[in-house]
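A short worksheet on the structure shown next.
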Amino acid sequence: MGVVRTTEQRYDHQAIDAKWQQRWLKERSNFVDDDDPRPKWYELTMYPYPSGDLHIGHWYAMSPSDSHARFRRMQGYNVLHPMGFDAFGLNAENAAIQRGIHPYRWTMENMENMRRQFRSMGAIYDWDREVVTCAPEYYKWNQWFFLQFYKSGLAYRAFAPVNWCPSCQTVLANEQVINGLCERCSSTVTHRDLNQWFFKITDYAEELLDHSKIDWPEKINRMQDNWIGRSEGVDIEFDISEYGLEEKSITTFTTRIDTVYGVTFVVLAPEHPLVEKLTTPEQKSEVEAYVEQARIQTEIERLSTEKEKTGVFTGAYCVNKLNGERVPILVGDYVLLTYGTGIVMGVPAHDERDFIFAKKYGLPIRVVVAPPGWDGEELEEAYIPAGTQVNSAQFDGMSSTEGLQRIAQYIEKKGWGTRTVQYRVRDWLISRQRYWGTPIPIIYCDDCGDVAVPEDDLPVLLPEDAEFRPTGESPLALNEAFVNTTCPNCAGPATRETDTMDTFVDSSWYFLRFTNAKYAGGPFDTEKLAQWGSVDQYTGGVEHAVMHLLYARFFVKALRDLGLLNFDEPFDRLYNQGVILGPDHEKMSKSRGNVIAPDEYVEAFGADVVRCFLMFLGPWDQGGTWSDSGINGTSRWMNRVWDVATRDARQLDDYPRDANAVRDMQRLMHKTIRRVGEDLERFKFNTALAGLMEYTNALGQIWEVKGVHSEHWAEAISNLLTLMAPLAPHVSEELWEQTGHKGSVHSRSWPEWDEGLAADEVITLVVQVNGRVRDKLEVPVSIDEAAAKAAALDSHRVAPHIDGKDIARVVYVPGKLVNVVAR
């Protein structure tokens with residue numbers, strides 16, 4: 001898409017941008033001094049993946065966060081606002097396959113281009129603190145953390161299902177499976193169990209539900225709570241001893257133990273090891289075919305609420321110990337082995353999907369929690385709410401709320417189960433069958449088993465001579481020089497782990513590294529980390545709510561418990577920006593042809609116009625739509641700023657001074673200082689800019705009317721440029737210099753306002769008659785109740801609506817309205 005420009009800049013924006021970016025670099029204006037005595041403020045925006053170009057979405061995320069960090073610096077804080085690159089990932093590996101270029105080279109070239117683009121934005125990043133996660137000096141510490149987790153039991157190896165392409169002979173990521181088919185060869189994808197590495201995030205499930213120490217959007221907290229999925233219930237056993245197996249019972253978890261007398265079937269996950277043991281010869285072929293079909297489906301497909309539940313009878317039964325009833329055991333693809341125990345009990349009378357399932361397969365539907373007024377008739381649909389226990393032996397007649405407690409107590413007394421808390425969240429599977437990631441520092445020895453790589457041998461480096469095949473097989477597994485090694489324990493032949501770590505490991509602690517990115521003595525400099533602490537303000541997209549943000553919280557808590565740091569949360573405050581849409585109001589994509597390339601607009605309008613337009617689009621957390629007419633409007637405002645700031649104020653001294661004009665100008669200035677400061681404090685960039693635009697327009701009108709002198713005008717312009725500085729750093733810096741100021745506008749303290757001057761002199765008083773607005777009066781802000789009521793009743797617009805009527809009462813809401821009740 002081309003740039004549509006309808007305004008000409010009144011200044012050479014390209015020269016100004018280049019001039020100040022070079023000077024800031026030369027003078028190290030953005031260098032962060034750890035010894036600065038001012039209070040610290042650590043503000044961070046989520047670092048980007050080096051895809052090659054900064055797109056307008058990056059600008060939308062980073063220009064406002066940079067403006068807020070600049071604002072904090074002017075408020076008197078020593079601000080750390082760093083930048084780096086989330087440099088590992090599948091895209092680089094795909095580029096290696098498609099373009100024949102090594103991921104390292106592809107990534108490094110992309111980062112160099114993106115650094116240039118970041119500088120064109122005018123951001124205050126101190127590039128001495130840059131973090132690049134694919135650098136050995138960074139991923140060495142991923143491996144070190146893994147070893148600490150391994151020693152403490154937080155890292156472990158277990159079998160887990162993966163997507164497997166039998167044709168390519170490789171593991172596929174979920175995004176590589178399209179409608180159940182391999183994206184590379186279109187073969188049917190199956191599932192197979194692989195031995196993989198996990199981090200034990202479930203150990204922290206309860207603490208992760210505590211949001212009391214963070215100021216985050218409630219939506220994010222709720223999403224994390226739902227992801228963790230805490231449930232209180234009962235683990236209850238069903239007897240299978242009649243089959244002579246080693247396992248004498250099966251266990252399922254339920255939050256509705258009050259319905260246990262209504263169980264008419266039990267369902268096993270297709271992957272459950274008991275499926276093969278319990279299936280009768282008569283049912284074997286049907287069950288095996290069903291299990292094979294289930295393996296093709298993704299978890300999302302199997303758990304979809306829109307998908308009809310299906311199942312197959314194994315031929316086996318289990319006994320409900322509470323009533324001695326034998327109930328059939330089925331296999332169902334809607335049950336996952338990785339959730340709970342991999343077994344669920346079916347209570348069709350009191351679960352909507354169980355009800356439909358029972359109807360479909362002709363299974364009994366027994367009511368055990370009766371609705372109000374129930375007389376024993378069949379239910380037309382499942383009854384979910386609380387009710388009265390029926391068909392529940394000695395518990396009949398009590399409320400189901402009481403039944404929940406009493407039945408649970410009875411089961412525990414009998415030794416048939418225990419009350420417990422269960423979490424839906426599963427341990428974090430960190431193994432990835434890829435090359436471009438952190439090698440997992442484990443060696444496998446036939447004699448010694450799993451052996452941790454000694455810390456002195458870190459980092460385990462990625463081999464540079466990797467071979468990237470279109471089959472997608474991990475190049476590490478194909479690289480004999482990497483795979484074959486020596487056991488550090490016995491010196492015998494051994495092999496390396498060829499999986500790499502999930503790239504979310506990189507982003508789970510990168511914010512700690514920024515405090516001293518060059519530190520070689522550990523993952524972070526403990527002295528500097530103690531100084532900067534947790535991130536005061538984090539900004540980024542809501543899409544990271546339950547992955548990156550949750551994993552970072554887990555990491556910090558785990559490192560705290562290992563004695564490596566002394567705080568509980570990574571990010572004290574969180575603000576999520578919205579999404580910027582294309583001119584067609586659709587999400588930007590190359591296929592739609594609606595992608596906005598920021599470089600073109602920076603060249604046409606200058607960085608500050610692009611920054612300010614993005615911030616003026618609307619509330620930052622709600623996103624907005626790109627508009628060429630809109631950016632031209634922002635350009636016109638910047639021209640007006642240039643115009644009013646470069647006028648010769650001495651001309652004003654040729655006219656008489658008007659005390660009222662001076663007072664009005666000062667009142668406007670102080671109100672604008674207050675408004676812009678309060679808006680920037682709350683990330684309300686659009687309304688802050690609206691205030692600056694109104695202020696600029698008002699200054700133009702004041703110039704025409706005259707009545708103020710050069711010293712008043714200079715103060716007004718000085719404050720305009722100061723208030724603009726965080727938002728439009730280049731133009732404000734240039735005009736600061738052109739208006740005769742020494743030093744940098746960015747070194748100036750944020751101006752304070754005078755409450756007396758910023759206060760309103762008049763307010764708008766709404767007058768209603770019987771609830772309908774009849775007039776709006778401009779009245780002194782100090783007006784009292786009696787005067788407000790009198791003014792309302794004296795209004796000539798109110799008179800026709802009360803003449804000849806009795807005034808029942810007059811209601812006054814201070815500073816807002818008067819409502820006359822007339823009959």
Out of 9, 21, I need the residue that is open to solvent by 20 Å² or more (accessible area, probe 1.4 Å), in a helix (DSSP H, G or I), closer than 23 Å to residue 602 by Cα and out of contact with any Phe, Trp or Tyr (no Cβ under 6 Å at 6 or more places or on another chain). Which one?
21
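With the condition being open to solvent by less than 60 Å² (accessible area, probe 1.4 Å) and at pLDDT 95 or above, I'd like the strands (runs of 3 or more DSSP E) fully within segment 138-207 carrying at least 1 qualifying residues.
Numbers: elements: 155-165, 170-172, 190-199.
Here the list reads 155-165, 190-199.
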Across segment 730-761, which residue is nearest to residue 665 (Cα to Cα) among those that are open to solvent by less than 40 Å² (accessible area, probe 1.4 Å) and touching a Leu at 6+ places or on another chain (Cβ under 8 Å)?
751
Cβ-Cβ below 6 Å, separation at least six or inter-chain, first residue in segment 698-711 and open to solvent by less than 20 Å² (accessible area, probe 1.4 Å), second among the acidic types (Asp, Glu): which pairs?
707/658
I'd like to verify a number: residues in segment 434-459 that are open to solvent by less than 20 Å² (accessible area, probe 1.4 Å), assigned to a loop (DSSP other than H, G, I, E, B) and in contact with a Lys or Arg (Cβ under 7 Å, 6 or more places away or on another chain), how many?
1
Could you check segment 392-402 and list, in sequence order, the residues that are touching a helix residue (DSSP H, G or I) at 6+ places or on another chain (Cβ under 6 Å) and in a loop (DSSP other than H, G, I, E, B)?
392
For segment 234-262, give me the residue count where each residue is more than 16 Å from residue 414 (Cβ to Cβ), open to solvent by less than 10 Å² (accessible area, probe 1.4 Å) and out of contact with any Gly (no Cβ under 6 Å at 6 or more places or on another chain).
5
Considering only segment 35-56, state which residues are open to solvent by 20 Å² or more (accessible area, probe 1.4 Å) and more than 23 Å from residue 133 (Cβ to Cβ).
35, 36, 37, 38, 39, 40
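Yes or no, residue by residue, for (1) over 17 Å from residue 254 (Cα atoms); (2) at pLDDT 95 or above; (3) out of contact with any strand residue (DSSP E or B) (no Cβ under 9 Å at 6 or more places or on another chain); (4) open to solvent by less than 80 Å² (accessible area, probe 1.4 Å):
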{"site": "383", "(1), (2), (3), (4)": "no, yes, no, yes"}
{"site": "387", "(1), (2), (3), (4)": "yes, yes, no, yes"}
{"site": "394", "(1), (2), (3), (4)": "yes, yes, yes, no"}
{"site": "398", "(1), (2), (3), (4)": "yes, yes, no, yes"}
{"site": "401", "(1), (2), (3), (4)": "no, yes, yes, no"}
Give the residues of segment 310-334 that are open to solvent by 10 Å² or more (accessible area, probe 1.4 Å) and charged (D, E, K, R), sorted by residue number.
321, 325, 326
Residue tally, condition in a loop (DSSP other than H, G, I, E, B) and within 43 Å of the chain's Cα centre (by Cα), over segment 345-364:
2
Could you please tell me which pairs satisfy a Cβ distance under 8 Å, a separation of 6+ or placement on different chains, a first residue in segment 370-381 that is within 19 Å of residue 352 (Cβ to Cβ) and part of a loop (DSSP other than H, G, I, E, B), and a second residue that is open to solvent by less than 50 Å² (accessible area, probe 1.4 Å) and among the hydroxyl-bearing types (Ser, Thr, Tyr)?
371/383
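Residue-wise test of (1) within 22 Å of residue 687 (Cβ to Cβ); (2) of a type in the set (Asp, Glu); (3) under 30 Å from the mean Cα position of the chain (by Cα).
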{"residue": "606", "(1), (2), (3)": "no, no, no"}
{"residue": "614", "(1), (2), (3)": "yes, no, yes"}
{"residue": "618", "(1), (2), (3)": "yes, no, yes"}
{"residue": "624", "(1), (2), (3)": "yes, no, yes"}
{"residue": "641", "(1), (2), (3)": "yes, no, no"}
{"residue": "647", "(1), (2), (3)": "no, no, no"}
Residue under question is residue 611, and the condition is that it be among the basic types (Lys, Arg), touching a residue at least 12 places away in the same chain (Cβ under 8 Å) and under 24 Å from residue 115 (Cα atoms); does it hold?
yes
As an exercise: evaluate residue 88 against (1) assigned to a loop (DSSP other than H, G, I, E, B); (2) out of contact with any Cys (no Cβ under 9 Å at 6 or more places or on another chain) and give the number of the one condition it does not meet.
(2)
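When residues of segment 620-646 are filtered for being out of contact with any strand residue (DSSP E or B) (no Cβ under 8 Å at 6 or more places or on another chain) and open to solvent by 60 Å² or more (accessible area, probe 1.4 Å), how many remain? Let's see the steps before the verdict.
Just the residues of segment 620-646 that are out of contact with any strand residue (DSSP E or B) (no Cβ under 8 Å at 6 or more places or on another chain), to begin with: 622, 627-646.
Restricting the remaining residues to those that are open to solvent by 60 Å² or more (accessible area, probe 1.4 Å) gives 622, 629, 636, 640, 646.
The qualifying residues number 5.
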Residues (within 18 Å of residue 505 (Cα to Cα) and crowded, with 20+ Cβ neighbours inside 10 Å) located in segment 66-92:
83, 84, 85, 86, 87, 88, 89, 92
Identify the residue in segment 682-692 that is in contact (Cβ under 8 Å) with a residue 40 or more places away in the chain and over 14 Å from residue 671 (Cβ atoms) and, among all such residues, is surrounded by the most Cβ atoms within 10 Å (Cβ to Cβ).
685
Hey, can you tell me all the residues within segment 718-766 that are of a type in the set (Val, Ile, Thr) and farther than 24 Å from residue 614 by Cα?
739, 762, 763, 764, 766
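The values are calculated or read from the model by the stated rules, or taken from the named source; none is laboratory data. Note that the structure is predicted; figures quoted are calculated from it, not measured. Please note: Cβ atoms are built from the backbone with ideal geometry, for glycine as well, and neighbour counts cover all protein chains shown. Just so you know, the surface numbers come from the protein's heavy atoms only, side chains and all, with ligands and any DNA or RNA stripped out. Shrake-Rupley method; radii C 1.70, N 1.55, O 1.52, S 1.80 Å.
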